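Data first, discussion second: the structure below is written as structure tokens.
The values are calculated or read from the model by the stated rules, or taken from the named source; none is laboratory data. Predicted model, so just to flag it, every value in this text is computed and none were measured. A quick note on method: Cβ atoms are made from the backbone with ideal geometry, for glycine too, and the neighbour counts reach across all protein chains shown. Ligands, DNA and RNA are excluded from the accessible area calculation, which covers all protein heavy atoms including side chains. Shrake-Rupley method; radii C 1.70, N 1.55, O 1.52, S 1.80 Å.
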Amino acid sequence: MNHDNYDDNYIRSILNGVKSIAMVGASPVNVRPSYFAFKYLAQRGYDMIPVNPGHVGKSLLGKPFVASLSEIGRSVDMIDIFRNSSHIMPVVDEALELPTPPKVIWLQLGARDDAAAAKAEAAGIKVVMNRCPKIEYGRLSSEISWMGVNSRTLSSKRAPVPTQGMRLSLNRTSVGGGATSASDRAAKNKNELT
Amino acid sequence: MTDRLPGFSTLAVHAGAQPDPTTGARVTPIYQTTSFVFNDADHAASLFGLQAFGNIYTRIGNPTTAVLEERVAALEGGTAALAVASGHAAQVVVLQQLMMPGDEFIAARKLYGGSINQFTHAFKSFGWNVAWADPDDIASFERAVTPRTKAIFIESIANPAGSITDIEAIAEVARKAGVPLIVDNTLATPYLIRPIDHGADIVVHSLTKFLGGHGNSLGGIIVDGGTFDWSKGNKYPMLTEPRPEYHGIKIQETFGNFAFAIACRVLGLRDLGPAISPFNAFMILTGIETLPLRMQKHCENAKAVAEFLAGHSAVAAVNYAGLASDKYNKLARKYAPKGAGAVFTFSLRGGYDAGVNLVSNLKLFSHLANVGDTRSLVIHPASTTHSQLDDAAKVKSGAAPDVVRLSIGIEDKDDLIADLEQALSA
Ligand SMILES: Cc1ncc(COP(=O)(O)O)c(C=O)c1O
């Protein structure tokens, strides 16, 4: 997998396929990006599980926090990791030891660990890095177009009027396979500097 | 399976637009409303907290305007865009995200005269200092860099003389200095030049010109290339520090590669207020659908008119980068192979007086202060758009006293040439 540039079909098949998502590093603080993403994905119908040892005993939008992946007590389709690049490997190791490992491991915007990704992929797990599932869902459904964001998709079909909690269709025509050359360049520039 | 890439003309018609979910209307409706109802208190709070996608109030965003924004972002190859009331408003909003009082930015000396004024006078009162550099001398940009430099600003095709800027060379200076390159792409439009592909980080436009294209609506837009890492060097606190007006959100961390466009919207447009009318957004959007066709005709006509003038005995010189003999022809062939635009200048052997005579004798060309209209336009920059500059600055910016500027429209080229011919011999 080329982790500089994902094809839209790859992201689309993940977001269409997974039902349950454990969010490692989920925050109950309502200005943190993890809170935004958790709330949005829950509203779009995903079965969300907040994982954060610092908040056990509390809950996030009605879902109780668990301390670690192994304490979820059931299998999940996807693990969404809200941790810095340097804290990814231990979470991937823990995921690989679960009785039923996840189908997808997703690293948030800004997070990338190529060695951890290779390890997960060797075990048959799909990996996405340095992306936000809320942004990608909003982009592929074009819901994010309300903010002037380039969804890089087209459709001549009349969409249903969105209501709260509705799953949106992600099956629009992609414009350019998922990333502009500009954002590829940004990713490369970033690597150059670190 | 990899997705197929639609072409530029397809994007010009379709990007950002979809049949209206409620009515099925195929053309983007004009949502001429100030405000939008919330579903409930939680929805309102989520929208105000930037947690949910949706509309609040037309100063911050509007569904008609959003289609225009996504369309221009797609045409420029950027990650997001923000439309505002005018090209000048776009420039203020961009720099407000980058500059603190006492900071500097470097600007090319060859710019629209209004931009030279805005940078020299209006921005001075904000404590933003401009350092001028010569786009024909790349080293002059390097020399202008200081620890307080926050951005570099150039025009791709420069007003008034239609000269072509070496975007890649200046992008390299910006990259070394660790600052974003802002390109005003008004005169080229993304049909002729896509600055982000050449290393620009931010593109601005006066939509008033070729993008709208019909001389009927003012507008401006900011396109985020998604290419700049705002966190390096801690130079851009608007993007990286917790924002008190949003309970401590950090814009770059939250919005990733379209953070700059979001900062322009929620910190710039929201608080400074230069919103575009949804009606203007609609007019400009309609104009953009024919952008590729119009630009082809504009360029074809401009080249024919420039060739005619170059061969006329009353003309001293023609500055059109599309002419093989022009100083900028090599850059034009590299950056704008489809055409060198339709705004250029020429000077008359009879000097200032001959220029003034020509303008008054023309019958089809309109004498007015705009460019990028379907109609052909003429102006004498030294006495109008560039009149507030001193004589030396007029010459440096390409608006010497004997210079006449044309913006060639999409009429029949033979009629344009006949009008110039009669006016030159009158
Ligand atoms: C190159 C260029 N940039 C910016 C502007 C300013 O745009 P507006 O008049 O929409 O504010 C103009 C207007 O003439 C222009 O020609």
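Per-structure values
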item	result
Wholly enclosed helices (runs of 4 or more DSSP H) of region B:219-323 bearing at least 1 residues in contact (Cβ under 8 Å) with a residue 60 or more places away in the chain and within 9 Å of chain A (Cβ to nearest Cβ)	B:251-255, B:259-263
Residue selected from region B:63-86 under the condition in contact with a Leu (Cβ under 7 Å, 6 or more places away or on another chain) and small (Gly, Ala, Ser), by the criterion farthest from the other protein chains (Cβ to nearest Cβ)	B:Ser86
Residue satisfying all of: in region B:358-376; free of Cβ contacts under 8 Å to residues at least 40 places away in the same chain and more than 19 Å from the chain's Cα centre (by Cα); farthest from B:Phe119 (Cα to Cα) among these	B:Ser360
Total residues in region B:169-227, condition at positive phi, surrounded by fewer than 24 Cβ atoms within 10 Å (Cβ to Cβ) and within 12 Å of the ligand (Cβ to nearest atom)	1
Matching residues, region B:375-388, being part of a loop (DSSP other than H, G, I, E, B) and either surrounded by fewer than 17 Cβ atoms within 10 Å (Cβ to Cβ) or at pLDDT below 95 (or both)	B:Arg375, B:His380, B:Thr384, B:Thr385, B:His386, B:Ser387, B:Gln388
Criterion (within 13 Å of chain B (Cβ to nearest Cβ) and over 14 Å from the mean Cα position of the chain (by Cα)) met by exactly one of A:Arg74, A:Arg12, A:Arg32	A:Arg32
Qualifying position, being assigned to a strand (DSSP E or B) and open to solvent by 10 Å² or more (accessible area, probe 1.4 Å), among A:Ser70, A:Ser86, A:Ser59, A:Ser75	A:Ser59
Number of the condition not met by B:Ala340 [criteria: (1) open to solvent by less than 30 Å² (accessible area, probe 1.4 Å); (2) outside any loop (DSSP other than H, G, I, E, B); (3) closer than 28 Å to B:Gln118 by Cβ]	(2)
Options B:Ala107, B:Ala83, B:Ala73, B:Ala66; residue that is open to solvent by less than 10 Å² (accessible area, probe 1.4 Å), within 14 Å of the ligand (Cβ to nearest atom), of a type in the set (Gly, Ala, Ser) and under 30 Å from B:Ala17 (Cα atoms)	B:Ala83
Hits in region B:1-44 (condition: open to solvent by 50 Å² or more (accessible area, probe 1.4 Å), assigned to a helix (DSSP H, G or I) and at the interface with another protein chain (Cβ under 9 Å from one of its Cβ atoms))	B:Thr10, B:His14
